[in-house]
Amino acid sequence: MKETKSLTKAEEQIMLILWKIKKGFIKDIIKHISDKKPAYNTVSTIVRILEKKGYIKHIVYGTTYQYLPAVSKEKYRTNCVQELIKKYFNNSFSSLAHCFYKKENIDIAEVDEALKMLEEIKKKNRE
């Protein structure tokens with residue numbers, strides 16, 4: 001996946017479906033769209049764009065294609081967070097953390113879990 005190739009909302013919607021169903025034909029993807037069903041050609045065009053961007057690959061069955069993710073949801077999520085930190089927080093994790101610090105209704109259990117993960121990262125980097 002080329003990290004500079006961000007996804008539109010429509011592209012991300014298709015990716016969320018493919019991550020959920022693992023693989024499918026265009027008709028399978030359309031079946032999982034919850035709001036107004038787009039035209040077959042519209043979904044097909046979005047899928048081809050995603051394939052050009054490197055997010056999707058396909059398996060050929062005669063004259064039809066079955067599509068599956070070429071990028072894991074975890075990798076995409078990681079790239080999105082890294083891009084968010086770079087774009088809005090001056091590439092500073094502490095600036096991101098400060099943003100949450102200012103939020104008043106933070107779940108203390110989640111803070112404890114985050115601190116535990118940070119301690120594990122510190123230990124790992126020291127080794």
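Observations
- Selection from segment 7-55 of residues that are exposed (fewer than 12 other Cβ atoms within 10 Å of the Cβ) and in a loop (DSSP other than H, G, I, E, B): Thr8, Lys22, Ser34, Asp35, Lys36, Lys37, Ala39
- Here segment 83-93 is the region considered, the condition is being open to solvent by less than 80 Å² (accessible area, probe 1.4 Å) and part of a helix (DSSP H, G or I), and the residue that is farthest from Lys5 (Cα to Cα) is Ile85.
- Subset of segment 32-71 [without any contact (Cβ under 8 Å) to a residue 12 or more places away in the chain and of a type in the set (Lys, Arg)]: Lys36, Lys37, Arg48, Lys52
- Odd one out for Val111 among (1) free of Cβ contacts under 8 Å to residues at least 12 places away in the same chain; (2) open to solvent by 60 Å² or more (accessible area, probe 1.4 Å): (2)
- Yes/no for Ile106 being in a loop (DSSP other than H, G, I, E, B) and either among the basic types (Lys, Arg) or surrounded by 10 or more Cβ atoms within 10 Å (Cβ to Cβ) (or both): yes
The values are calculated or read from the model by the stated rules, or taken from the named source; none is laboratory data. Just so it is clear, the model here is predicted, and its values are computed rather than measured. With ideal geometry, Cβ positions are generated from the backbone for all residues, glycine too; neighbour counts draw on all protein chains shown. These area figures cover heavy atoms from the full protein model, side chains too; ligands, DNA and RNA do not enter into them. Shrake-Rupley method; radii C 1.70, N 1.55, O 1.52, S 1.80 Å.
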